[in-house]
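Everything on this sheet refers to the single structure shown next.
The values are calculated or read from the model by the stated rules, or taken from the named source; none is laboratory data. This structure is a prediction, so every number in the text was calculated from the model and none was measured. All Cβ positions, even for glycine, are placed from backbone atoms using ideal geometry, and neighbour counts span all protein chains on display.
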Amino acid sequence: QTCAQALPFCEISGSCLAIDVKDTDNMMKYDNVNAHMPEEKLQNLEQQRSLLKGKHLRIRTLDIFLRGCGFFTFPLMVMNQLLVAKRHDLIGDKKPIVYMPENHHYFECYKTEEEQRNNPDFWEKWFEPVGDISWREVNESDVWEFTQESIETMYYDGTGIHAYPYDAEDDLATPEWLQGHRDRAATVMKEFIEVKPSLIKEAEDFYVAEFGDFEKPVVGLHMRGTDKFVTGKVDPMEYVTEANKFISAHKDAKIFLATDDANYLKLMKDTYKESLVSRPAMRDAKNVLYNDHVDKDAKSKEVLMDALVLALTSALVKCWSGVSEFSVYFRQAWNEKSEFEAITDLQIGDGGDAHPKQKS
C-alpha cells in the first residue's frame with residue numbers, strides 16, 4: 001500500500017518538541033511489559049510544564065504496534081498519553097490533538113497528501129476530537145509529542161491504563177488491580193474520549209429494536225474465540241453458567257452476544273434460541289483482524305458497535321479483551337446511564353504465565 005507521507009515524529013524532524021519518558025532498562029523485546037517511566041524523567045516534566053502548556057500535545061500512534069494491534073489499542077494509546085499529560089498538569093489553553101493517518105488493519109491510508117488533509121484520519125472516523133482544534137490547523141513549532149519509546153513505556157507502565165493484564169510483574173489481575181485501571185480510565189474518558197454521536201445512536205437504535213427498551217433485563221456476553229495470544233480463552237460453558245444465572249433471576253431476560261467466532265455463535269444460538277441476539281458480523285475461525293481483504297471501515301465499525309451495544313446491557317459477562325473492557329469504560333463515561341447491575345470478569349486473577357489463575 002502506497003500512502004501519503006505522514007507528518008514525521010517530532011523526534012525525527014526536530015521541528016517540534018519531543019518529550020522523553022522512556023524506560024531505558026526494560027525496553028528490549030519481551031522485557032517491555034515491565035517498563036516504567038523513570039522518576040527523574042517525570043521530574044523533568046515538572047520543570048518543562050510552562051513550556052509544554054503553551055503548546056498542543058499531538059498524540060501519535062505507536063509505529064511498532066501498527067502491524068498487529070486490535071481496534072481498541074488505538075484509543076488506549078491516546079488515553080495513556082492524555083493520562084500522563086493530565087497527571088503532570090501539562091495541558092494548558094492549547095488543547096491536545098490526535099493525529100493517526102497511518103495504514104493498519106483498521107484503517108486504509110490515503111494515497112495523496114490532498115486526500116489526507118481533506119478526509120478523516122482513523123481517529124476522526126470513529127471519535128470526536130479530544131480538543132477544540134484539528135491537526136491541520138496547527139504549526140509544527142506549536143506542537144509537542146511524546147517520543148515513540150515513551151509511548152511504548154507508558155502503554156506498559158503499571159500506573160497507566162491496561163484493558164487486560166500483560167505478562168508483567170505488576171499486572172496481578174486481582175479485582176483491586178482491575179478497578180484501579182478502570183478508575184484511571186474513567187478520569188480520561190469523561191474529559192476527552194467520545195465516540196461519534198451518530199454511532200452511539202445507531203447502537204441505541206439497534207438495542208431498542210431488538211429488546212424493546214433500556215429497562216428490559218439483558219445480559220451482555222463477550223466471547224473472544226479467535227487467535228487470542230495475550231491471554232487464554234475461556235471455556236464457553238462458563239458463559240452458559242453465567243447466562244443461566246441471569247435468566248433465572250430475571251423474568252423475560254434476553255442475551256446479547258458479541259463474538260468473533262462462528263462456532264461460539266452457533267453453540268449459543270442452539271442453546272438459547274430466540275432469547276439470544278447478536279449483531280451481523282464477519283466471523284472467522286482464525287482472526288478477521290489480520291484479514292486486510294475485509295473492508296477496514298466495516299471491520300472497525302463492527303468491533304466498535306459490539307462494544308457500544310454491550311455497554312447498553314443490564315449486566316456484563318466478559319473475558320480479558322479490549323472490546324468488552326471498553327464497554328465498561330463507555331458505561332462509566334455515560335453520566336445519564338446507571339452502573340451495570342453486575343460485571344463478571346471470568347478471567348479475574350489470570351494474568352498470564354507469570355500469574356496463574358487464583359483459586360477461590
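Report whether or not residue 86 is surrounded by 13 or more Cβ atoms within 10 Å (Cβ to Cβ), of a type in the set (D, E, K, R) and closer than 23 Å to residue 156 by Cβ.
Working: surrounded by 13 or more Cβ atoms within 10 Å (Cβ to Cβ): yes; of a type in the set (D, E, K, R): yes; closer than 23 Å to residue 156 by Cβ: yes.
Yes: the conditions hold for residue 86.
Name every residue in region 217-264 that is crowded, with 16+ Cβ neighbours inside 10 Å, assigned to a loop (DSSP other than H, G, I, E, B) and modelled with pLDDT of 95 or more, in order of residue number. Of everything in region 217-264, those that are crowded, with 16+ Cβ neighbours inside 10 Å, assigned to a loop (DSSP other than H, G, I, E, B) and modelled with pLDDT of 95 or more turn out to be 217, 250, 253.
For the structure I just gave you, tell me whether residue 67 is more than 23 Å from the chain's Cα centre (by Cα), surrounded by fewer than 16 Cβ atoms within 10 Å (Cβ to Cβ) and among the charged types (D, E, K, R). For residue 67, the condition - more than 23 Å from the chain's Cα centre (by Cα), surrounded by fewer than 16 Cβ atoms within 10 Å (Cβ to Cβ) and among the charged types (D, E, K, R) - is not met.
Looking only at region 94-106, decide whether some residue is part of a helix (DSSP H, G or I), farther than 21 Å from residue 302 by Cβ and not polar (S, T, N, Q). Please lay out each step first, then the result.
The initial filter retains those residues of region 94-106 that are part of a helix (DSSP H, G or I), namely none.
No, region 94-106 has no match at all.
Only one entry of 168, 186 meets the criterion of being within 20 Å of the chain's Cα centre (by Cα) and buried (at least 19 other Cβ atoms within 10 Å of the Cβ), and that entry is 168. Being more than 30 Å from residue 233 (Cβ to Cβ), without any contact (Cβ under 8 Å) to a residue 12 or more places away in the chain and not in a loop (DSSP other than H, G, I, E, B): is that true of residue 198 here? It is true that residue 198 is more than 30 Å from residue 233 (Cβ to Cβ), without any contact (Cβ under 8 Å) to a residue 12 or more places away in the chain and not in a loop (DSSP other than H, G, I, E, B).
For every residue, the table says whether it meets (1) among the aliphatic types (A, V, I, L, M); (2) closer than 28 Å to residue 107 by Cβ; (3) in contact with a helix residue (DSSP H, G or I) (Cβ under 7 Å, 6 or more places away or on another chain).
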| position | (1), (2), (3) |
| --- | --- |
| 25 | no, no, no |
| 32 | no, yes, yes |
| 35 | yes, yes, yes |
| 39 | no, no, no |
| 43 | no, no, no |
| 46 | no, no, no |
| 53 | no, no, no |
| 74 | no, yes, yes |
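Residues that are crowded, with 21+ Cβ neighbours inside 10 Å and touching a Leu at 6+ places or on another chain (Cβ under 9 Å) within region 149-163 comprise 151, 152, 154, 155, 160, 161, 162, 163, listed in sequence order.
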